[in-house]
1. Just to confirm a number: summing +1 for Lys and Arg and -1 for Asp and Glu over residues other than Pro35 whose beta-carbon lies under 11 angstrom from that of Pro35, what do you get?
2. In nm, what is the difference between 0.36 nm times the number of residues separating Asn93 and Asn43 and their Cα-Cα distance?
3. Using a 10 Å cut-off around each Cβ, can you sort Glu94, Glu102 from fewest to most neighbouring Cβ atoms?
4. Please list the three semi-axes, largest first and in whole Å, of the ellipsoid equivalent to the chain, using sqrt of 5 times the eigenvalues of its alpha carbon gyration tensor.
5. Suppose the Debye formula is applied to equal point scatterers at every Cα of segment 56-104; what is log10 I(q)/I(0) at q = 0.28, 0.31 Å⁻¹?
6. Given the options Ser92, Ser83, Ser29, which has the most mean-square fluctuation in a GNM of the chain, springs set between C-alpha atoms less than 10 angstrom apart?
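Bear in mind that the values in this text are calculations on the coordinates, not laboratory data. Model, not experiment: these values are computed from the prediction. With ideal geometry, Cβ positions are generated from the backbone for all residues, glycine too; neighbour counts draw on all protein chains shown.
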Amino acid sequence: MEHLATLVNELHIGNDGTMATADDGACRSLTKVLPTVRVIDDNSILVEGAFDTSHIYATDVQEVYIQYKNPTTGEFIPIYRTSIQPFTKNGSNEVEFSFILEVE
């Protein structure tokens, strides 16, 4: 689990409203944050990230995406993407995402 925890280094919000599938590979990112990643147990990690009032977008947020991006090569590995109910992210709201990723 320790190694998996090191491979989650970007949490994106995006504006792609299409259904998330195993084959789509990425998102239409509005922005990203460095998530906090914590090992819960031998099979699980907790990934959390917050977007404060400085994150303001003209289009609705409709997806959340977690990835590993190699800082040297720029290559990335998608870890998780989901479509969400659209919402407006403006200067008067904050949003935090929390995910528990389990590996068997």
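1. Working: positive: Lys32, Arg38; negative: Glu10, Glu48, Glu96.
That works out to -1.
2. 14.7 nm
3. Working: Glu94 12, Glu102 9.
Fewest to most other Cβ atoms nearby, the residues stand as Glu102, Glu94.
4. Sorted largest first and rounded, they come to 23, 15, 13 Å.
5. Ignoring solvent entirely, the Cα scatterers give -1.07, -1.15.
6. Looking only at Ser92, Ser83, Ser29, the biggest GNM fluctuation is shown by Ser92.
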